[in-house]
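Data first, discussion second: the structure below is written as structure tokens.
The values are calculated or read from the model by the stated rules, or taken from the named source; none is laboratory data. These figures come from a predicted structure and were not determined experimentally. Here the Cβ positions follow ideal geometry from the backbone for every residue, glycine too, while neighbour counts run over all protein chains shown. These area figures cover heavy atoms from the full protein model, side chains too; ligands, DNA and RNA do not enter into them. Shrake-Rupley method; radii C 1.70, N 1.55, O 1.52, S 1.80 Å.
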Amino acid sequence: MTELSGEPPDLTGETPEAPEPTPEGTVPSVAARLAFYQRAGGVITPLLTALVAFLIGGLVVYATTGKNPVSTYKAIFKGSGLSWLSPVSVHWHTFYPNAVKWTGWNTGNLTALNLQQTLIVVTPLILTGLAVAFAFRCGLFNIGGNGQYTVGAITAVQFGVWFSGLPGPLHVIIAMAAATLAGAAWAGIAGLLKATTGAHEVITTIMLNWIALWIGSYLVGFNGPMQDKREISAPVTKSIAPSAHLHVFWGNPLLQGLHIGFFIALGALVVYWILLNRTTLGYEVRAVGFNAEAARYGGISVARNYFLAMAISGAFAGLAGAIDLLGWEFNLDLISVQTVQIGFIGIAVALLGRNSAIGIFFSALLFGALLNGTSSRNLDPSIFKPELAGNLTRIIQGLVVLFVGADLLILYLWQARKKVRLLQRKAEQA
Amino acid sequence: MVDEAPVLELRGITKRFPGVVANDHVDFDLRRGEVHALLGENGAGKSTLVNVLYGLYHPDEGSILVKGEPIRLHSPKDAIKHGIGMVHQHFMLIPVMTVAENIVLATEPTQGGVLLDYRAANKRVAELSSSFNFAIDPGARVESISVGQQQRVEILKALYRHADILILDEPTAVLTPQEARELFAILKTLTSQGMSVIFITHKLNEVLELADRITVLRRGNRIDTVDRQGATEQGLARMMVGRDVLLRVDKGAPSVAEPLLSIDDLHVIDERGLEAVRGVSFEVRSGEIVGLAGVDGNGQSELIDAISGLQRVSSGTVKLGGRDVTGVNPSSILDLGLGHIPEDRQLRGLVLEFSLAENLALHDFDKPPDSRWGWLFPRQLVRRARDLLKRYDVRGGGPQTRAAALSGGNQQKVVLAREIGRGPSVLIAAQPTRGLDVGAIEFVHRQLVEARDNGKAVLLVSLELDEILSLSDRVLVVYEGRIVAEHGPDVGEEQLGIEMTGGGREVAA
């Protein structure tokens, strides 16, 4: 109650006295409303956060281009392909072929194509979001998703190039497992440092990002050990063997259709939930995250959990790298190693998704749609300037992170509203 | 000496927090030269009321009158301006600064408006201090003086700002009996010079010793204001709780058997690298409660942590039921039959964001029937919680309720349910009733005595001498990391007080 009340801090250091609510009068209704709000707050706050971010993003559009932000957002929505889902009637025949005629998963349809691209972006965002969220539940802030993703991607390429004789599914599994382990090991370094020396994970994961970036640059760059020597003009690795490609289940594989990595990401969401809520490991991680001292007193090894939580986080991010490589990139070039942002967007995904599995799904969808909807391929220059396109996503991402503190703001406004009412009541009485 | 015109009056003060009415039309008046005690359980609304009075909270309804004039307090600054001073339970002093510097802080005398005039500051503080017989060196650093003296610095701070109404929030909670006595003498000097004192407490004996009048609050309501003459502990307790309360612990003679906890020449180094426990040896036997009395910070916490494996033992041994557990990890020690009610239930005893079911599983979640092969069975957690919550009469929530939503007393019951419910052979209870109200204290005490009667060895560590004396079958006194004395249950409070502050070292056992 205290934190929420917006009252001056209690200087006595005691928890303010909170007698039981009286059964009659107006008090319980306020309490009931507040309780309802708090329960609803789990959904309302992130929605408001996103809304405010979009509003300010709209102002940016208006200020820089003078165009109507609504048409800009419409264009982004269209470009994301999410409209494929909205006019269900149009797709009625997709599900009920006898109704009109079966057109199947129409890859020729631009909207369907856009949606496939969006979901391809959503896939790693879910996983890097989970990488941030899992550490968060243990009280750790994993800024290193990007580095862990890079390490995973590099490992996946190498394993995809090797073992080219293996049968498809086995090759995919080996490459993904290796990348997942590599991501786990990379983040595990930060976890180990935290557990043994207390080195702050924010610092170490940022450092590890840079180390991953430059190791990757060396490996992939000109004359690097992984560079494809046949390519004299481009710093890029060999392409992975076809047996390591993820199966494309929707759309044309040649046109970068949607691969089964999407379902792996959805599976990861389930794993995340089960791991946290149905295993002793999850119990320990949550206990340490909520109150490390109580966990220690309870007989839980805090250091062990710091290490494990970071390693599992890194596993999610490493898997993200593998899925991108095996799903649609197939090789890794220097520029992508140096400009990848997926891990950082994962922070915004986790924050907006409130570290819950379902929340992460929806916020990954939002950011995926934004990223793909603003990609220059989908742009109509008459609606907004290409220069603004990608940056608008970044602006909204930044605003989301900024507004995650919105809980406080909203509760403050709630309090203020209550005060205004009391004043009104007083004025009426007078 | 007590004259009739009130220097301060609160009329119909109402303060609401979301979901609760902390003060419901409370009236209060303070006469010149009196000590007026504000008595009530935790959560009765005492702190809220004085925070309103000190300008920290704004009342939703009601008015404040100082010397008959209605005033509005927007901040503590306003309160100070009207001569109201407050001494918080936790002191607001800067340890590295001197007494005088702390006292003049924010109203420093200056030379030419820029430079701090140390000499003037020291002189004025010295004058003030001697005029009230405070015996404080203005040049001493705050960190080097005792807690009792620090409290006097806080009082001087208020006096320096020309306070004539002094609010003391649970002032004796941090003091030894001797220091408390000295404080009472100071307060009597102050009132004899025309100051008025509001004294917040939940200790009945202090009220009867010191106060001229007593106002009892319960659940935000003023129950009554009574004169000390004619007031009794039993009567006040009934007003506080709303029913008859057993103030004395009812217990039979101990039937002591074999030692279950043996500590031998234990040494522990604390986090700062200092030796906090310096060669402690004692035994706790089946069927007895051993009380460990001492002023806070004399090695009690480190001793408990060393026994429960949370802190490394530098030398010596800890035996649990005859088995050497020195250096064994905490979860194994818990499994070998230790129950540990920790000092701070919110920091340690509970994961406040966890449900009660999860909290009750804190020691056992990793073994059957709670889990198997790392797989947790939430339904089993809930089943056990339902049983324990019923047995220990936890109110205010079910197995799925978050621990944070419970009151302090019920939170402590959850901790007791977990620690005693596991059936340990040795039970350590550290400050088991801190911050609890009279009713909950009664419950906790009964549980401890019951544990003893069931043949457990109970080690009670408490800063409350009343508690030590009413529960213990033997009393050990700890001072600067050593056991300096051992007594039977009928030792006097005075004697313990002297030994707790190092006065009894000559007669150390």
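Numbers for the structure displayed
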{"item": "For chain B: relative contact order, % (alpha-carbon pairs under 8 angstrom, 6 or more apart)", "result": "14"}
{"item": "Surrounding net charge for A:Leu332, when Lys and Arg each add one and Asp and Glu each subtract one, Cβ distance under 11 Å", "result": "-3"}
{"item": "Theoretical ellipticity at 222 nm over chain B - DSSP helices of four or more residues, -39500 (n - 2.57) apiece, nearest 500", "result": "-9000 deg cm²/dmol"}
{"item": "Unit charges at the beta carbon, dipole of the range B:6-241: most positive-side option, B:Ala37, B:Thr172, B:Pro76", "result": "B:Pro76"}
{"item": "Student exercise, the range B:343-423 dipole from Lys, Arg, Asp, Glu Cβ charges, in Debye to nearest 20", "result": "320"}
{"item": "Using θ = phi - 60° and Karplus 6.51 cos²θ - 1.76 cosθ + 1.60, couplings along the range B:255-265 (whole Hz; Gly, Pro as x)", "result": "10, 7, 10, 5, x, 10, 10, 10, 10, 10, 6"}
{"item": "Label-point separation in nm, A:Leu402 to B:Gln193, each point 7 Å along Cα→Cβ", "result": "5.6"}
{"item": "Long-range HN-HN contacts of B:Leu292 with modeled amide H, under 5 Å", "result": "B:Leu460, B:Val461, B:Ser462, B:Leu476"}
{"item": "Packing-based order for A:343-350, B:207-214, using average beta carbon neighbours within 10 Å, highest first", "result": "A:343-350, B:207-214"}
{"item": "Lysine pairs within the range B:6-241, Cα separation less than 15 Å, 8 or more sequence positions apart or different chains", "result": "6"}
{"item": "B:Arg141 paired with B:Ala404, simple spin-label distance in nm, labels 7 Å along Cα-to-beta-carbon", "result": "3.8"}
{"item": "Positive-end residue of A:Phe307, A:Gly359, B:Leu159, charge dipole of the protein assembly as shown with Cβ unit charges", "result": "A:Gly359"}
{"item": "Net charge, B:Lys251 excluded, C-beta distance under 12 Å - Lys, Arg +1, Asp, Glu -1", "result": "-2"}
{"item": "Size of electric dipole in the protein assembly as shown: Cβ of Lys, Arg +1 and of Asp, Glu -1, about Cα centre, debye, nearest 20", "result": "3920"}
{"item": "Net charge, B:Pro138 excluded, C-beta distance under 14 Å - Lys, Arg +1, Asp, Glu -1", "result": "+1"}
{"item": "Degrees separating the helix B:118-131 axis from the principal Cα axis of chain B, which is the longest one", "result": "80"}
{"item": "Placed amide H near B:Ser314: partners under 5 Å, 5+ positions off or other chain", "result": "B:His267, B:Val268, B:Ile269"}
{"item": "Accessible area (Å², 1.4 Å probe, nearest 10) - A:Trp186", "result": "40"}
{"item": "Percent of beta bridges antiparallel (DSSP, the range B:6-241, rounded to nearest 5)", "result": "60"}
{"item": "Shielding by other protein chains, B:367-374, mean Cβ within 10 Å", "result": "2"}
{"item": "Estimated FRET transfer efficiency when R0 is 51 angstrom, pair B:Asp264-A:Val271 (beta carbons, to 0.05)", "result": "0.55"}
{"item": "25 Å tail of the calculated P(r), the range B:6-241, as % of Cα pairs", "result": "42"}
{"item": "Degrees between helix B:177-192 axis and first principal axis of chain B (Cα, 0 to 90, nearest 10)", "result": "20"}
{"item": "Inter-chain Cβ neighbour average for residues A:297-306, partner chain, 10 Å", "result": "6"}
{"item": "Order of exposure, largest accessible area first, which applies to B:His25, B:His202 with probe 1.4 Å", "result": "B:His25, B:His202"}
{"item": "Over the range B:343-423, relative contact order from alpha-carbon pairs under 8 Å, at least 6 apart, %", "result": "36"}
{"item": "Karplus-derived HN-Hα couplings along the range B:483-494 (A = 6.51, B = -1.76, C = 1.60, θ = phi - 60°), whole Hz, x at Gly and Pro", "result": "7, 9, 7, 10, 9, x, x, 9, 5, x, 4, 4"}
{"item": "Dipole axis of the range B:343-423 (+1 Lys, Arg; -1 Asp, Glu on Cβ), positive-most option in B:Ala403, B:Phe365, B:Leu388", "result": "B:Leu388"}
{"item": "Debye, to nearest 20: dipole size of chain B, +1 on Lys, Arg Cβ, -1 on Asp, Glu Cβ", "result": "1440"}
{"item": "Kirkwood Rh in Å, taken over the range B:343-423 so that all alpha-carbon pairs contribute", "result": "12.4"}
{"item": "Under Karplus coefficients 6.51, -1.76 and 1.60, residue-wise ³J(HN,Hα) of the range A:133-143 in Hz, glycine/proline x", "result": "5, 5, 4, 4, 5, 9, x, 10, 10, 8, 8"}
{"item": "Sequence-distant residues sharing a close amide H with B:Gln89 (under 5 Å, placed H)", "result": "B:Asp169"}
{"item": "Normalised contact order of the range B:6-241, rounded percent, pairs of Cα under 8 Å and 6 or more residues apart", "result": "29"}
